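So the structure is just underneath, and the comments pick up after that.
The values are calculated or read from the model by the stated rules, or taken from the named source; none is laboratory data. These numbers were taken from a predicted model, which means no experiment stands behind them. For neighbour counting, all protein chains shown are included, and Cβ atoms are generated from backbone atoms with ideal geometry for every residue, glycine included.
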Amino acid sequence: MLLKVLVTGAAGLIGGEVCARLAARGHTVTAMVRKTREVRGNDGAQVEGVQVLSGDITRPLMGLDPSAIDADLVIHCAANLEFDAPLPTLAAVNVEGTRNALAFAKAAGAGFLHVSTAYVCGQRDGPIAEGAVRSGTRFTNNYEASKALAEAAVAASGVPCAVARPSIVLGDHAKGAIRDFPSLCTVFRLMARGKVGVFPTQDQATLDLVPLCYVAEGIARLAERFDAAKGGYFHLVASQPLPAAELAHGVARVAHFPDPQVVDADGFDAGRLGSAERQLLTRMMRTFGPYFTRNPRFDDTKFRALTGLDCPATDSAWLDRLIAYGIAVGYLPKAGPSERPGSASRAAA
């Protein structure tokens, strides 16, 4: 059955690729944007066959007229992704904005597929079930807290709903391509440029990194199977998380990059570093450090059973493709004249 879908955050990385996939399959897609009229897939091409309209999730009913938009499902991708922004700033978009989107869906008689994050698990390690956020969960940053509050608003709304929880979304699996580099890529960049020469982590720490192609396809299939998805929470995550230290090892495998030193996060003294490196490392660890010292294991049994999808291997070979793409497009430093790939030279770019 073909759907009539309204996608919020359609100009974003996930929203644009979801629009591209649904439109290509013949669904009627209304793409809601705020600042830009362009809706692009991960390949950078403008998505054809979608109706683009302007809206603002911080306004009542998103500033839209529900009677003028024919939609039987709202896919809510719009969000503020700043990890360490003040909670009121994040809540204005991620919580109140979600309530406004829910109010629109209710007025339109539409279902609601909410895009959240697997990391609403907060500081928990070990097995994480596909269920509601546990009462008393302690979060590592305000972003996680705001997304958990948004999930609670969805559950309490009375609107037919399902929650999709991607983990950390990076580039396409086959080529590593990504239209916009997410904030975690800053860590690669700092190490690749020699600005930070150490990577504090713990032996058992893992990162759940997942390809954008898998996440967008998973959201599209949850939309197409919404009747079966209703009431559920679904993890869109890696089949096998990557050891956190692989971020540094991936940089070290590139001949013209420096070789970052993996150090024990618990025992490392940043005071031994120079002032500039210490400041950058402190800022980096304040934002991302909790993700480099944890080992959550997300169960995705319900998601795989409903969609028939299995995440492709998110291994060191995929990480190498991500880094190679970053180099090719100039996000990461290219080799200098005497530092061509394959040379033994290692110097800070």
query = Hey, residue 112 hits all of (1) farther than 14 Å from residue 151 by Cα; (2) in a strand (DSSP E or B) but one; which does it fall short on?
reply = (1)
ask   = Regarding residue 101, is this residue surrounded by 15 or more Cβ atoms within 10 Å (Cβ to Cβ), in the same structural domain as residue 30 (by TED's automatic domain parsing), among the aliphatic types (A, V, I, L, M) and over 20 Å from residue 219 (Cα atoms)?
value = no
ask   = Given the residues 68, 11, 31, which is the only one that is over 22 Å from residue 116 (Cβ atoms), of a type in the set (A, V, I, L, M) and free of Cβ contacts under 8 Å to residues at least 40 places away in the same chain?
value = 68
remark   = For the range 31-65 the number of residues that are closer than 23 Å to residue 153 by Cα and modelled with pLDDT under 95 is 1
ask   = Regarding residue 78, is this residue in contact with a strand residue (DSSP E or B) (Cβ under 6 Å, 6 or more places away or on another chain) and either aromatic (Phe, Trp, Tyr) or outside any helix (DSSP H, G or I) (or both)?
value = yes
task = Could you please tell me which pairs satisfy a Cβ distance under 7 Å, a separation of 6+ or placement on different chains, a first residue in the range 108-132 that is over 30 Å from residue 63 (Cα atoms), and a second residue that is in a strand (DSSP E or B) and modelled with pLDDT under 95?
result = none
